[in-house]
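Remarks on the structure that follows.
The values are calculated or read from the model by the stated rules, or taken from the named source; none is laboratory data. Please read all numbers here as calculations on a predicted model, not as lab measurements. We place every Cβ from the backbone using ideal geometry, glycine too, and count neighbours over all the protein chains shown.
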Amino acid sequence: MRLCFLDLQPRWNIRQQHISIPGDSQFNRAIFDAIPFPLFVVDDDVNIVSFNHAASLMLGDNPTIAFNTKGGEALHCIHSTGALGGCGASEACKTCLVRGSVGLSCRDQVVVRRPQRMQLVGPQGVRDIYLLITTSPLRGVDRTLVILMFQDIGELISTQGIVPVVCTVVKCATRRTDGQPWSST
């Protein structure tokens with residue numbers, strides 16, 4: 001594997017420098033597992049091909065059974081369990097944000113980022129979580145694959161009404177809190 005760094009020379013001439021990294025697969029795996037967000041590599045039907053360490057924590061006691069399993073089934077989506085045919089077969093699957101984002105990334109080779117409120121059903125009942133779902137096409141592989149990432153944005157959502165918006169203008173700073181007019185600080 002070769003990494004490419006751009007070196008800006010005087011007069012803005014760009015020169016590429018390449019370095020080799022020994023043990024490419026170990027290095028790539030270490031990077032993949034170091035990302036603190038659940039990452040899945042999925043195909044166009046959301047079958048799980050690979051996942052990082054953070055994602056393995058979402059998959060229960062035996063995460064290896066998730067390989068070649070549809071995402072909704074591996075992640076215990078309530079719609080996949082209620083449909084004959086599992087993940088992708090229910091009426092709700094037609095509007096599933098995860099499935100739609102994966103499909104768009106596969107078809108149009110684009111990055112998709114969408115916030116979504118989801119419900120988790122657990123021993124303490126149902127609770128809402130807020131996720132930023134990101135899909136990105138994985139280029140340079142022999143088949144159509146997508147990286148699927150889940151980021152918890154619940155803290156951002158819960159602080160949305162608390163954090164004041166601050167605007168700094170040349171000589172003065174103004175601040176506004178929700179529902180109140182702008183005032184000088």
For the stretch 78-94, indicate whether the set of residues that are under 17 Å from the mean Cα position of the chain (by Cα) and farther than 18 Å from L145 by Cβ is non-empty. no
If I filter the stretch 48-75 down to residues being outside any helix (DSSP H, G or I) and surrounded by 18 or more Cβ atoms within 10 Å (Cβ to Cβ), which single residue comes out as modelled with the lowest pLDDT? L75
Surrounded by 15 or more Cβ atoms within 10 Å (Cβ to Cβ) and either aromatic (F, W, Y) or out of contact with any helix residue (DSSP H, G or I) (no Cβ under 6 Å at 6 or more places or on another chain) (or both): does that describe S101? yes
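Name the single residue that is modelled with the lowest pLDDT among those in the stretch 135-161 being farther than 24 Å from L120 by Cβ and among the β-branched types (V, I, T).
Let us first name the residues in the stretch 135-161 that are farther than 24 Å from L120 by Cβ, namely 136-145.
Next, only the ones that are among the β-branched types (V, I, T) stay: 141, 144.
On the way: V141: 82, T144: 91.
Going through the qualifying residues, I end up with V141.
Count, please, the residues in the stretch 120-151 that happen to be without any contact (Cβ under 8 Å) to a residue 40 or more places away in the chain, assigned to a strand (DSSP E or B) and exposed (fewer than 15 other Cβ atoms within 10 Å of the Cβ). Please lay out each step first, then the result.
Here is the first cut: in the stretch 120-151, the ones without any contact (Cβ under 8 Å) to a residue 40 or more places away in the chain are 120, 122-137, 139-142.
The next check asks that each one be assigned to a strand (DSSP E or B); those that pass are 120, 122, 125-137.
If we keep only those that are exposed (fewer than 15 other Cβ atoms within 10 Å of the Cβ) as well, we get 120, 122, 125-129.
Counting residues in the stretch 120-151 that are without any contact (Cβ under 8 Å) to a residue 40 or more places away in the chain, assigned to a strand (DSSP E or B) and exposed (fewer than 15 other Cβ atoms within 10 Å of the Cβ) gives 7.
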Single condition N28 does not satisfy, out of (1) surrounded by 15 or more Cβ atoms within 10 Å (Cβ to Cβ); (2) modelled with pLDDT under 90: (1)
Residue pairs qualifying under the 7 Å Cβ cut-off, at least six apart or on distinct chains, with the first in the stretch 46-67 being within 16 Å of I133 (Cβ to Cβ) and the second being of a type in the set (S, T, Y), are I48/T69
Residue ID - farthest from the chain's Cα centre (by Cα), chosen from residues in the stretch 59-75 that are among the polar types (S, T, N, Q) and on the phi < 0 side of the Ramachandran plot: N62
